[in-house]
Amino acid sequence: MKKINVRQPREIASSQAAADAWVSGATDTQKPVNTERQISANVPGKLARLTIDLPQELHGQFKAACAKQRTKMKDEVLRFIEEWTQKHGNL
């Protein structure tokens, strides 16, 4: 019978390493906590899609930062847009 060696998963050393691994897709050991935000009451029920192009490095940094904070990228973008529109008013 053939002997099979199985390695036990090990803990990732730091939160930065965890974020880097998550961005690269190398691990799924850290499940994000429930971070669903309530959409503001002034946001209508229908949704619209927003697509933007980012430099790969900036996208990776943003994704890593969100992973470190255990938030979703879309929630952070939504929060930014809500705060920005409140600050600058409806045009």
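The values are calculated or read from the model by the stated rules, or taken from the named source; none is laboratory data. Worth saying up front: this structure is predicted, and the values here are computed from it rather than measured. All Cβ positions, even for glycine, are placed from backbone atoms using ideal geometry, and neighbour counts span all protein chains on display.
For segment 63-75, enumerate the residues that are touching a residue at least 12 places away in the same chain (Cβ under 8 Å) and in a helix (DSSP H, G or I). Can you show your working first?
First, pick out the residues of segment 63-75 that are touching a residue at least 12 places away in the same chain (Cβ under 8 Å): 63-65, 67-68, 70-72, 75.
The answer is Lys63, Ala64, Ala65, Ala67, Lys68, Asp75.
For segment 50-91, enumerate the residues that are among the β-branched types (Val, Ile, Thr), under 28 Å from Ala18 (Cβ atoms) and surrounded by 10 or more Cβ atoms within 10 Å (Cβ to Cβ). Across segment 50-91, the qualifying residues are Thr71, Val77, Ile81. Checked across segment 47-58, the condition of being modelled with pLDDT under 65 and either not in a loop (DSSP other than H, G, I, E, B) or not charged (D, E, K, R) (or both) holds for no residue.
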